[in-house]
Amino acid sequence: MLETYIPIFVVIAGGIVFGIVMVKLNEWLGPRRPTDEKLSTYESGMEPVRTARERFSVKFYMVAVLFILFDIEVVFLYPWAVAFKELGVAGYITMTVFIVILLIGLFYVWRKGALEWD
Amino acid sequence: MIVIRLEDLLYSAPLLVLTSSGLLALIAEAAGRDKPVISYYTSLIGVITSLILTFLNLGAGVPVFNNMILQGGYAAYCNLIFLSSALLSIVLSRSYLERMQYHRGEFYVLIVFATAGMMLMAAALDLTIVFLGIELMSICLYVLAGFMRKKELANEAALKYFLLGAFATGFLLYGIALIYGTSGTTNLVVISRSFAQLSGNSLFLIGCGMLIVAFSFKIAAVPFHMWAPDVYEGAPTTVTAFMSTGAKAAAFATFVAVFVRVFDIPGTALSSVLALIAAASMIVGNVTAIAQNNVKRMLAYSSIAHTGYMLSGIAAGNAEGEQGILFYLVAYTFMNIGAFGIVSWVEQQEDRKLKFDDYAGFSARQPAVAVLMSVFMFSLAGIPPFAGFFGKYYVFLAAVKADMTWLAIIGVMTSLVSVYYYLRLVVLMYFCEGESDVAAKVPLAAISAVTLAAVLVILLGIYPSLLVDMTKGFFKI
Amino acid sequence: MTLQSFLFYLLAVISVGSALLMVTRRNPVIAALYLILNFFALGGLYLTLHAQFIAFIQILVYAGAIMVLFLFVIMLLNLGDVKQLTERVSYKKIIAAGLSFALLMEMLYIFVYAPSDLPTSRFEQAATIGTVEYIGKQLYTTFLFPFEVASVLLLAAIVGAVILAKRRLN
């Protein structure tokens, strides 16, 4: 069984190696003549002021939580789709009930404006 | 392939109706803006319908949905507790939330979903349902605790409850994993068949221990009680009423379902662990309650103490203990929700009028309400002829019969201590001068809810056999 | 050494190492990144145990979605001065260390003195029950009811998230 996953491991290993090699190559081969101007943070030509570690708005959190909740819905869809043929109509109804309940959630979120960037 | 039978749906009608009413209330809240009254009535109708259906379903318990849950019998009895707790909380909440300016439809939706979670907990025949029920209830309660989102104490309450609750869930899952690993199944009935063989397995026992930790957290037993006073104080008062009755009853219902009906604990190490937790809860709860000045905090510690009384019934593990807990849960639900209801009438915005002194001379202005409050206090103290007395009587009797006389003695001694702080409130109301009064005119619905609770407390105190006879057949699977 | 045991030791070293690095980092963002590495290593371990579906979910949900949330929360809390987080040794820490040690001893006891209590390997079965198809069939027949309950649970969580975290309600 594990043998079938070898290509995936190869891709992951390749990705890691490629990333490290590129960064290191750049470090070794590239010329390095730093000035104050070059080392400053790039802000589209503006003078950087204050710390970059600003506190994020709770709006991002809202989006992340909703993303997770609907992501878990997708996780349930995956095994259902694989076993779809064997589950037949009963399986279809089952999933419809599940989706409808979560659609109510989506409707609620939408009406409350939680999807808007206020 | 037929996976759901029609009778599954019929037997679980109370649960399905309740959940659907929650869904409808949510749709109503989303569709029509600023009309929380629609959600209020939808959820109220749902709870009442479910209550009626539960009454029709009180016969023998039937396993449904592929042996996932048990409907009728034990589950129906527990459902009555949860649904009455939800009903009284919903009725009391409306005027309270309007006064506090937090009246929103989602409140009722969350109460209904939490109640559905409680019903699952009591009905569970499978550990996955135990987990899902506890989570459904807890997630709703975390949000309800922080419902007044601009209040600092409410935020603290929600955060504390959530963090510690998540930790307890971790214990629960770890315990379930160990039990599944050693027994090869999550089905409680199958596990119970091989319990004798499994009880020698140390991994299985560790799994059971983890379940005890998780359940002890949910029922607020010492030493897992730290969250209770802060959460009970910070949450909206009617939510505290709901948490301390419905949620506690639900946690006890699963505790009993798993450890009494399924596992055969008397004589095992688990039984003495439970006895120790019970004794610690009674002592810590009652002694700390004396020092409180805030009525909500006092009731929180009193709730810990009552957890201890009820746990001694589980520790005893005999028929008296089981019936005693089931009776106690009903009595406790009505007396506690009544007491919190009256606290919510006196309370004013920004947590004012929650101190003991704010009840001085209460009887002069509100003689009827003072009588109701005294009934609840006497019953909580366990003074006959109120329901609280018989609850204690049954569980202490059970402890004596199970050769745990020391536990019963601790129970009686700490009950005597508790009389001090309960009657302190009564003395303040009747024998002290003061300006105390309810914050605003209390609507008729709320008055009738609390009166109903008081009537039941007295009725069950006079005829405890009304309930006790019902619970006799619940402990055979 | 077979491929099986080689992968096990490799992934075990990565997961324990990344877990240690995670709890010892001072910068919470770096700690979170080590946690991602840990999740990946765990995903690999699940795969070696033939739990293919769990392995996918581990990477899809944990390393993906949950970590996004973690990072947002770290940035939301904005723990500017990390020094404030370091506690001095208090009695709580000593008690916590003692309890952890007791737990470790219990675990060791079982492995050393009561290995018969450990669940017997169901490795052959695992190859069939770990597939997505098998889980799909079980989840939508035997465990159908818990599955539907999960949808209500998710719905309650959605409502809760909006109530607590939405900036302006109405």
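Some notes on this structure:
- Helix-only [θ]222 nm of chain B, DSSP H runs n ≥ 4, -39500 (n - 2.57) each, per residue, nearest 500: -24500 deg cm²/dmol
- Signed unit charges on C-beta, dipole axis of segment A:2-111, positive-most listed residue A:ILE8, A:LEU39, A:PRO79: A:LEU39
- Quarter of the Cα convex hull surface for the protein assembly as shown, i.e. its orientation-mean projected area (nm²): 37.3 nm²
- Shape category assigned to segment C:1-86 from the gyration tensor of Cα positions, a/c cut at 1.5: oblate
- Coarse-grained scattering of chain A at q = 0.21 Å⁻¹, given as base-10 log I(q)/I(0) from a Debye sum over alpha-carbon atoms: -1.14
- Of B:THR19, A:THR41, B:THR451, B:THR128, the sequence from fewest to most neighbouring Cβ atoms within 10 angstrom is A:THR41, B:THR451, B:THR128, B:THR19.
- Two-site FRET efficiency, A:ILE16 against C:SER5, from Cβ-Cβ distance with R₀ of 30 Å, rounded to 0.05: 0.85
- Spin-label pair B:LEU416/B:VAL190, simplified geometry with 7 Å Cα→Cβ offset, distance in nm: 5.2 nm
- Put simply, the amide H of B:GLN348, placed in the peptide plane, has neighbours under 5 Å in B:LYS353, leaving out anything fewer than 5 places away on its chain.
- Choice from C:VAL61, C:VAL23, C:VAL149 with maximal GNM fluctuation in chain C (Cα, 10 Å cutoff): C:VAL149
- Look at C:THR128, B:THR471 and count the other Cβ atoms within 10 Å of each Cβ; fewest to most, that gives C:THR128, B:THR471.
- Annotation note: chymotrypsin sites (Phe, Trp or Tyr not before Pro) in segment A:43-118 located in DSSP loop regions with a Cβ neighbour count of at most 16 within 10 Å are A:PHE56, A:TRP117.
- Rg/Rh for segment B:343-444, where both radii come from Cα atoms and Rh is the Kirkwood radius: 1.11
- Gyration tensor (Cα) of segment B:299-376, equivalent ellipsoid semi-axes in angstrom: 32, 14, 9
- Within segment B:109-212, the trypsin sites (Lys or Arg not before Pro) that combine a DSSP coil assignment with at most 13 other C-beta atoms in a 10 angstrom radius are B:LYS150.
- Sparsely packed trypsin sites (Lys or Arg not before Pro) within segment A:77-118, loop by DSSP, other Cβ within 10 Å at most 14: none
- Based on the Kirkwood approach, the hydrodynamic radius assigned to chain C is 20.1 Å, with every pair of different Cα atoms included.
- Nearby lysines by direct alpha-carbon distance to A:LYS38 (threshold 29 angstrom, same-chain neighbours under 8 apart not counted): A:LYS24
- Whole-Å semi-axes of segment B:118-189's equivalent ellipsoid (Cα gyration tensor): 30, 13, 5
- Compactness index (Cα Rg / 2.2 N^0.38 Å), segment B:268-477: 1.05
- Separation in nanometres of the label points that stand 7 Å from Cα toward Cβ, at B:TYR174 and C:GLU133: 3.8 nm
- Near-label residues of segment B:150-187 by backbone N, under 19 Å of a point 7 Å along Cα→Cβ of B:LYS355: B:153
- Average other protein chain Cβ within 10 Å of Cβ, residues B:176-183: 1
- 3J(HN,Hα) from dihedral phi, segment B:357-363, Karplus parametrisation 6.51/-1.76/1.60, rounded to Hz, x for glycine, proline: 5, 6, 9, 5, x, 4, 5
- Excluding exposed DSSP-loop GluC sites (Glu not before Pro) (at most 16 other C-beta within 10 Å), longest clean stretch of chain A: A:55-115
- FRET efficiency estimate (nearest 0.05) - Cβ-Cβ, C:MET107 to B:ALA319, R0 60 angstrom: 0.95
- The B:MET226 and B:ILE409 beta-carbon pair, evaluated with R₀ = 30 Å, returns a calculated FRET efficiency of approximately 0.65.
- Relative contact order %, chain B, counting alpha carbon pairs below 8 Å whose residues are six or more apart: 14 percent
- 5 angstrom amide H check on B:ALA124, placed H, neighbours 5+ away: B:LEU70
- Taking GluC sites (Glu not before Pro) as exposed when DSSP calls them loop and at most 15 other C-beta atoms lie within 10 angstrom, chain B has its longest site-free stretch at B:1-349.
- Lysines whose Cα lies under 17 Å from that of B:LYS248, excluding same-chain neighbours fewer than 8 positions away: B:LYS218, B:LYS296, B:LYS392
- Rg(Cα) / (2.2 N^0.38 Å) computed for chain B, rounded to two decimals: 0.92
- Most mobile of A:VAL82, A:VAL65, A:VAL11 in a GNM of chain A (Cα contacts under 10 Å): A:VAL11
- Each residue of segment B:231-240 was assigned a 3J(HN,Hα) from its phi angle through the Karplus expression (A = 6.51, B = -1.76, C = 1.60, θ = phi - 60°), giving 5, 5, 6, x, 6, x, 4, 6, 5, 4 Hz with x at Gly and Pro.
- Distance between the 7 Å Cα→Cβ label points at A:SER44 and B:ALA31: 4.5 nm.
- Dipole of segment B:335-477 [Lys/Arg +1, Asp/Glu -1 at C-beta], most positive-end residue of B:TYR430, B:GLN366, B:THR451: B:THR451
Any read-out appearing in this document is the output of simple, stated calculations on the displayed coordinates, not a laboratory observation. Values in this document were obtained by computation on a predicted structure and should not be read as measured data. With ideal geometry, Cβ positions are generated from the backbone for all residues, glycine too; neighbour counts draw on all protein chains shown.
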